[in-house]
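Worksheet: the structure to be examined is printed underneath.
Please treat every number below as a calculation from the coordinates, not as lab data. Model, not experiment: these values are computed from the prediction.
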Amino acid sequence: MRAIPPRVSAVASALVLTVLAGCSGGAGSAAVSVRDPAVGAVPTGSAALYMTVENHSADDAILGASCECATEASLHVVEDRGGILMMVPTDRIELPADSSTDLDPGGAHIMLEGLEEPLEAGGSIRVTIRFDRAPQRTVEVPVHELADLAERVESQP
Ligand SMILES: [Cu+2]
């Protein structure tokens, strides 16, 4: 296990935002919403997909994903195996009730495998995400330079 206090505080501030957003109400507010999706630019092979998922309802989980851009999409977590961080497949990414879950470099993410075409920065892909309880959602995911995705973690408060 790595020490991750910065992410804990990021989750805490996201919780505050979730509560504030709840005050504005509005019809059609979904139980699960996806913020800041991003995928890294790669010429071929596989690409990790990151996002923040806000769950405004009871416990839920991501069960899978699909994209026309890839032959397969799987769920990964990162585990420390004797000091070496390794990506490990998982059945589900938990989304605890009334909380915000970050999928980011160094943690849980969706892995697109067998890319049909290069992912180029500035473009975007459409990815459908399946949840345990919430209806599936299709999100537009911008493609970023890989270096910019690394900053995504460092820039978190
Ligand atoms: Cu992965």
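Structure notes:
- Estimated at 0.36 nm per residue, the fully extended path between residue 150 and residue 59 surpasses their Cα-Cα distance by 29.9 nm.
- Distance from the alpha carbon centroid of the stretch 116-130 to that of the stretch 46-106 works out to 17 angstrom.
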